[in-house]
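Worksheet: the structure to be examined is printed underneath.
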Amino acid sequence: MNKKLRLELQAALKDRPAIQISEEHLVQTMREARIAYQNRRNRERIRHPAFLLRQVRFVGAPVWLLQGFMLLCAFWLFGLSDIGAVSNFAPRHLPVLLGCFAVFIAMTSIPFIGRSARYRMLETEMAARISIPKLLLARIFIIGIGNVPLLTVSFLLANTKAELGTGSIALYLLLPYLIACCGCLFIQAYAHSGQQGFICTAFCFSLTALLFVLYKTAPVVYEQASVGVWGALCALCVVLLIIGIYRLLDKAASLDLSPNGI
């Protein structure tokens, strides 16, 4: 600090008369502060439906737009009649195409699950007394709202032109989708903050490559004799999916309880 300015501040403070504290005003201030605090604590908390609707504005619109693009891709790939791109392939190619498309459907969640940490907004959300587990659960629910119809439409379109059984088509879609979702959830829960999106993307592309490798080197995997194995793996992935969601929410809850959280 400039020496002259410091001397001027010292002189001004020395000449300042002693502050007279009014006991009456102090008591009145304390009373009003207590009333304001009590009214703040008694405010009605936002309910889950209202909270979910608010999240739709920030998460739902972008993710549903991306899923809408994937829906157009589904019509192009598995379109009705003979206009779909699948019509140019042999029916035996359909299982691997369904699996790869299911992985891409799962990838629509990658930009939105960990966006708070990626854009350094996590501290702001915590300071605003937002429950991080509740926020994550709302985002997962919103993404699922779009993914379920997208998988359903893909299944129905593929079922109109495939010679495979209905159950087989469902499994060829569900198993890669569940594996991709499980992998992304565990990566979000355990990977270093800021790198989850890159690792999830790399995992999903690796899974797609694995599906093609299995199709080329071990085509028996996609035959009807392996449908039972696919069903058992789907059941296992459902359990892992629940565990992955629990782990992710548990990590978010630990942030809420940390010294920097609420």
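For every residue, the table says whether it meets (1) modelled with pLDDT under 85; (2) in a loop (DSSP other than H, G, I, E, B); (3) polar (S, T, N, Q); (4) surrounded by fewer than 19 Cβ atoms within 10 Å (Cβ to Cβ).
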site: Phe58; (1), (2), (3), (4): yes, no, no, yes
site: Ala61; (1), (2), (3), (4): yes, no, no, yes
site: Leu65; (1), (2), (3), (4): yes, no, no, yes
site: Leu94; (1), (2), (3), (4): yes, no, no, no
site: Ile105; (1), (2), (3), (4): no, no, no, no
site: Ser109; (1), (2), (3), (4): yes, no, yes, no
Right, Leu173: outside any helix (DSSP H, G or I) and within 23 Å of Leu71 (Cβ to Cβ) or not? no
In region 143-168, what residues are among the β-branched types (Val, Ile, Thr) and surrounded by fewer than 21 Cβ atoms within 10 Å (Cβ to Cβ)? Ile145, Val148, Thr152, Val153, Thr160, Thr166
What is the residue count in region 1-25 for residues that are surrounded by 10 or more Cβ atoms within 10 Å (Cβ to Cβ) and modelled with pLDDT of 75 or more? 3
Taking Leu80 as the residue in question, decide whether it is under 26 Å from Leu156 (Cβ atoms), surrounded by 10 or more Cβ atoms within 10 Å (Cβ to Cβ) and at pLDDT 75 or above. no
Hits in region 176-223 (condition: hydrophobic (A, V, I, L, M, F, W, C) and either exposed (fewer than 15 other Cβ atoms within 10 Å of the Cβ) or outside any helix (DSSP H, G or I) (or both)): Ala191, Phe198, Ala202, Phe205, Ala209, Leu210, Phe212, Val213, Ala218, Val220
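A quick yes/no check of all residues on (1) farther than 14 Å from Ala102 by Cβ; (2) in contact with a His (Cβ under 6 Å, 6 or more places away or on another chain); (3) of a type in the set (S, T, N, Q):
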{"site": "Leu157", "(1), (2), (3)": "no, no, no"}
{"site": "Ala180", "(1), (2), (3)": "no, no, no"}
{"site": "Ser206", "(1), (2), (3)": "yes, no, yes"}
{"site": "Ala209", "(1), (2), (3)": "yes, no, no"}
{"site": "Glu223", "(1), (2), (3)": "yes, no, no"}
{"site": "Ala232", "(1), (2), (3)": "yes, no, no"}
{"site": "Ala235", "(1), (2), (3)": "yes, no, no"}
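The values are calculated or read from the model by the stated rules, or taken from the named source; none is laboratory data. For clarity, every value in this text was computed on a predicted model and none was experimentally measured. Glycine gets a Cβ as well: all are built from the backbone with ideal geometry, and neighbour counts include every protein chain shown.
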